[in-house]
Every structure is written in C-alpha cells, then in structure tokens.
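A.B. asks: First, the structure itself, so that you have it in front of you.
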Amino acid sequence: LLAACCRAYNDWSLEYCSADSARLLSAAMLPMQSPALAIEEARRSSAKGAACFYIRPNPIEGRNFYHASFDPLWAALEALGKPVCIHDSGSPYLSSFGERMHTHTAGHIIAHPFEAMVAMMSLIWYGVIESHPKLRIVHVEADAGWLPYWLQRMEQHWEFSGNAEHPLMKKRPTDYFKSNFLVACRGDEMTLPAAVELVGDDYITFNTDYPHPDGTWPTGFQALADQPITEQS
C-alpha cells in the first residue's frame, strides 16, 4: 500500500512539475519500509524525470539507516546519481523525538533538527558514506544552526575514540560531511552567520518551507539577503 501511495504521489508530482520543468523539480518519495520496493520506485521515478529522492530520517521498524537491509538501497541510489533529501514528518507509524512531547509545537521544535542530526551521524559513523562515497545527502527544513555544534561533537568523539567502535570509518567525520552533505537553512536564522563562518557557505543551501505556516515564504529571500554575511555567500 505504501509503495502504491508513493507511486501515485510521484506521478502526480512529475505531472505537476512538467508545467514548468525549468523551474519546478520533482522529489520522489520512497517507501522505506521495504528497501526492495524503495529501489524499484527510485529507479522508476528517476527514469520518469525525478530530480532527487525524499526519505524520512526516522528508524523504520527499529532499523536505523546503517541496518544491513538498507545496503542495496544506498547502492542503488548512489548508482542513480541523484541527491537524497532527508526531511522529518509527523506519523503515528514511525518513532520520532517529537513523540516525547505532549503538544505538536513542542514535538516540532525537537523533531526536525534532532532527527537530522541522528541521521547524519548514523550515515557517517556506521560506514554508509565510506561504502557509498558518491551518495549525496541534503538535510532540508531542519534549519542549519545546529551544524557547527554537531560537527564539533562528532570531532570530539573522533579525537578520544577514533574508529575503535566504528571500524568502517576511515576518515574524520567532518571529511565525510564536506564530501557528501548539504544542510538547508531558513533565511531568518539568527545563527546563520555563525554557521557560515564556522562551517563554510559551500555546505549550506536554502529553503523557505513553503507552503507550511511555520515557513518563511514570502519573506525568506529578503531575510536571507539581509543577513550579515557576504554577498558571495
């Protein structure tokens, strides 16, 4: 059923974006509960013109991204050569940090950035990126202010433990981040100048979260332009 829902949504999205294919790009949703069906849908939607893929960062039936069952999927996505966009979402069927809270607002505050942080760490520390060096990951709509801290946190653990418990890691965590990840920011993030200074503007992209009520459209672009960062950034 989930695979059928993904196919229907992806076909609709591709048709919608075809109205202005130079401006609108379709992100294909993948049924992660079944890696085999996710591979099938990734290949199908990619052949029809999807620009990238969308998956959630949450554990799937207790399986994190480094679970062996996902290895064929990462290999297939790497071979297709299109970015994988990671975005959290509310659901009663997948565990989320937001479930610890008793209101939507409180859950929303923690779910998106915390899930992004854990997903990034899992892909780096458990060797997924080492095994699939051409896999491109984009964290969207989770802000970017957490990025310097998270890279620092991972680097601290590399300094005192290295890859003793994670032998599949061959490089520093920041090296994997810089070669394989992007993180999307909001235009109005107060911490954006610090993230640009500490991490670099080559690793930060932009989103408005349109049309969600907590998004920055239509003021997001102006907010970004008003940031105390260089015009080049």
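The values are calculated or read from the model by the stated rules, or taken from the named source; none is laboratory data. Quick caveat, the model's predicted, so the values are computed rather than measured. Note that we place each Cβ from the backbone using ideal geometry, even for glycine, and neighbour counts take in every protein chain shown.
A.B. asks: Evaluate the following for Ile129: is it within 14 Å of the chain's Cα centre (by Cα) and either part of a helix (DSSP H, G or I) or buried (at least 21 other Cβ atoms within 10 Å of the Cβ) (or both)?
C.D. replies: Yes; evaluated as a whole, the condition is true for this residue.
A.B. asks: Give me the pairs, please: first residue somewhere in the range 144-164 and assigned to a helix (DSSP H, G or I), second residue anywhere and polar (S, T, N, Q), beta-carbon distance under 8 Å, and either six or more positions apart or on two chains.
C.D. replies: Leu151/Thr174; Met154/Thr174; Glu155/Thr174
A.B. asks: Of all residues in the range 171-185 being assigned to a helix (DSSP H, G or I) and touching a residue at least 24 places away in the same chain (Cβ under 8 Å), which is farthest from the chain's Cα centre (by Cα)?
C.D. replies: Looking at the filtered set, the residue picked out is Pro173.
A.B. asks: Based on this model, can you work out whether Pro167 counts as modelled with pLDDT of 95 or more and crowded, with 18+ Cβ neighbours inside 10 Å?
C.D. replies: No; evaluated as a whole, the condition is false for this residue.
A.B. asks: Looking at this structure, is Ala223 small (Gly, Ala, Ser), at pLDDT below 95, surrounded by 14 or more Cβ atoms within 10 Å (Cβ to Cβ) and not in a loop (DSSP other than H, G, I, E, B)?
C.D. replies: Answer is yes for this residue.
A.B. asks: Next up: I'm checking my understanding of the structure. Among residues of the range 15-71 that are part of a strand (DSSP E or B) and touching a residue at least 24 places away in the same chain (Cβ under 8 Å), which one is surrounded by the fewest Cβ atoms within 10 Å (Cβ to Cβ)?
C.D. replies: Among residues in the range 15-71 that are part of a strand (DSSP E or B) and touching a residue at least 24 places away in the same chain (Cβ under 8 Å), the one surrounded by the fewest Cβ atoms within 10 Å (Cβ to Cβ) is Cys52.
A.B. asks: Among the residues of the range 179-186, is there at least one that is of a type outside the set (Asp, Glu) and farther than 25 Å from Val84 by Cα?
C.D. replies: no
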